[in-house]
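Enquirer: Pasting a structure below so you can have a look.
Every read-out reported here was derived from the displayed coordinates using simple, explicitly stated rules and does not represent laboratory data. Worth saying up front: this structure is predicted, and the values here are computed from it rather than measured. Counting neighbours? That spans all protein chains shown, and the Cβs are built from the backbone with ideal geometry, glycine included.
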Amino acid sequence: MAEKVAKKEGKEKPKEGKAEKPAPKKAEKKEAIMRVVETNLDGNKPVGTAIRRVKGIGTMLSNAITEASGFGTKKLGELNDEELKKLEDMISNPGKYGIPSWMFNRRKDPKTADDRHLSVSALDFQKKLDINELKKIKCYRGIRHGLGLTVRGQRTRGAFRKSGKVVGVSKKKALQGGKK
């Protein structure tokens, strides 16, 4: 028993002849948050992956932007100011850089008949205007939006219930009184 205690104590104390090796340090990630097109993006990710977090940009458009810009697998945090300005301009005006119009999210705008691409706040604002226009002309979709019901033909009996609307079996008052 005394030998076991001595071995435990021996493990706790380092040997005087050998120096202890320091533990290897893990690669530390820099906290690089970049502000691009009204959105905070992770600067440690490649450009194509990072810009997908911007509202209005999907996988296809992000791939097209990285190919057209020539950034490749460069990380977003490695871009200088000129490259960031070019990236923001490509996101707001993709047609200027040879990206086909079928990738835009606002093709053949009803008022201007132009192909445009919107992102972040402009996209939200335009969506609100479109819904308000549907409500104003009182089409079927506008009425459904106004009433807070589903617009695209989903069944509403079991799903999409709002608070306060309870559908279920109601008991008769006679059963509550004790009669069966």
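Enquirer: What net charge do the residues around R152 carry, taking every other residue with its C-beta under 12 Å from that of R152, with Lys and Arg at +1 and Asp and Glu at -1?
Expert: Charge balance in the 12 Å sphere: +3.
Enquirer: Over the Cα atoms of the range 33-118, what radius of gyration and what Dmax do you get, in Å?
Expert: 12.7, 40
Enquirer: Further question on the same structure: Of Y97, Y140, how do they rank once you tally other Cβ atoms within 10 Å and put the fewest first?
Expert: So the ranking, lowest neighbour count to highest, is Y140, Y97.
Enquirer: List, in the order given, every pair from K96/K128; K45/K108; K75/K108; K55/K136; K55/K96 whose Cα-Cα distance in the structure shown is over 29 Å.
Expert: Violating the 29 Å limit, Cα to Cα: K45/K108; K75/K108.
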